[in-house]
1. Restricting the search to the stretch 68-99, which residues are in a helix (DSSP H, G or I) and either modelled with pLDDT of 95 or more or over 23 Å from the mean Cα position of the chain (by Cα) (or both)?
2. Which one of these does residue 148 not meet: (1) away from the ligand (no atom under 11 Å from the Cβ); (2) in a helix (DSSP H, G or I); (3) assigned by TED's automatic domain parsing to the domain that holds residue 41?
3. Checking the condition crowded, with 20+ Cβ neighbours inside 10 Å and either farther than 24 Å from residue 169 by Cα or of a type outside the set (Asp, Glu) (or both), which residue from 52, 57, 81 passes?
4. Scan the stretch 199-218 and tell me whether some residue there is at pLDDT below 90 and surrounded by 11 or more Cβ atoms within 10 Å (Cβ to Cβ).
5. Any chance the stretch 35-50 includes a residue that's away from the ligand (no atom under 14 Å from the Cβ) and at pLDDT below 95?
6. Within the stretch 203-213, can one find any residue that is in the same structural domain as residue 19 (by TED's automatic domain parsing), in a loop (DSSP other than H, G, I, E, B) and within 13 Å of the ligand (Cβ to nearest atom)?
7. Answer yes if at least one residue in the stretch 85-97 is touching a strand residue (DSSP E or B) at 6+ places or on another chain (Cβ under 6 Å) and closer than 28 Å to residue 209 by Cα, and no otherwise.
8. I'd like to know if the stretch 173-194 contains one or more residues that are within 28 Å of residue 119 (Cβ to Cβ), surrounded by 11 or more Cβ atoms within 10 Å (Cβ to Cβ), touching an Asp or Glu at 6+ places or on another chain (Cβ under 8 Å) and not aliphatic (A, V, I, L, M).
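The values are calculated or read from the model by the stated rules, or taken from the named source; none is laboratory data. Everything numeric in this text was worked out from a predicted model, so none of it was measured. Note: ideal-geometry Cβ built from the backbone for every residue, glycine included; neighbour counts use all protein chains shown.
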Amino acid sequence: MAPCGAGCGTFGAGSGAYALQLADGSRVVVDAVVLATPAWASGDLLRAVAPLPAADLSSIEYVSTATASLAFRRDQVAHDLTGFGFVVPRAENRPVMATTWSSSKFPGRAPEGHVLLRSFLGRAGIEAAAQLDDAEMTKVVRAELREVMGIAAEPEFAEIFRWPRGMPQYRVGHVDLVRRIEAGVAEVAGVELAGGAYHGIGIGDCLREGAAAADRALEHVRGLPEDAVPPQPSDVPAADGVAD
Ligand SMILES: Cc1cc2nc3c(=O)[nH]c(=O)nc-3n(C[C@H](O)[C@H](O)[C@H](O)COP(=O)(O)OP(=O)(O)OC[C@H]3O[C@@H](n4cnc5c(N)ncnc54)[C@H](O)[C@@H]3O)c2cc1C
């Protein structure tokens, strides 16, 4: 049984079903599993069961990103903020790769007389900006907003969020890689993959994939013999280091 990299779960095959070790240390036995985890975590979870697709899953690279949301009084921003924001081409080699004018995009995102701007940092090959501490990151974003949009004012507040290894990268050959992963996982009855690492990273893609994976898992469960008795937790070996 493979240890869980993030320390929150692991599973192993047992008599055609799966024992899931949950974050609280308890285990449940199930007939099917949808791995809606990042590809690297799915690779960790699958390693003991299907090492080849597990290795391919682990090979999908991720970039760490961060967002910095800065709030200003409307009168501090001369720009008309008509539109949803701006994106910065890679060739510019700047730390901020895009800024969403959140209060223009989403009504009610900022109180009357205020605006909220959310800047994105960290892209493949230019991840350093996403690793800065909060104060440094705010400084960098303020400098970018000053240069790109002419905003010199002190923000009312700044809020930083981080997504370590949060953005899967679709390299050349990704389609073939995913095809190979899916063919390998299809050999493991009752295990399905879903999430942004495979066929699109947009929320809509993830929802579509999750629903399709759930349908396939249900189809698998419905196809099981009616009198199949799943193994009980005591029938399957415990995860490394986990006491029964
Ligand atoms: C900063 C940022 C902004 C974005 N903006 C947009 C946008 O405006 N529009 C859009 O469509 N998309 C956007 N995206 C992309 C989109 O949000 C993601 O691609 C999508 O949310 C990924 O969904 P997911 O289910 O694949 O992964 P996640 O939502 O990351 O879910 C994976 C889950 O797996 C869990 N997990 C991890 N390891 C384990 C483990 N070992 N065991 C158990 N659970 C585990 C995690 O806790 C998490 O809950 C954005 C992404 C980022 C990072």
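1. 74, 75, 76, 91, 92
2. Failed condition: (3).
3. Result of the check over 52, 57, 81: 57.
4. no
5. yes
6. No: zero hits.
7. Looking for residues that are touching a strand residue (DSSP E or B) at 6+ places or on another chain (Cβ under 6 Å) and closer than 28 Å to residue 209 by Cα, one finds at least one in the stretch 85-97, hence yes.
8. Looking through the stretch 173-194, none of the residues is within 28 Å of residue 119 (Cβ to Cβ), surrounded by 11 or more Cβ atoms within 10 Å (Cβ to Cβ), touching an Asp or Glu at 6+ places or on another chain (Cβ under 8 Å) and not aliphatic (A, V, I, L, M).
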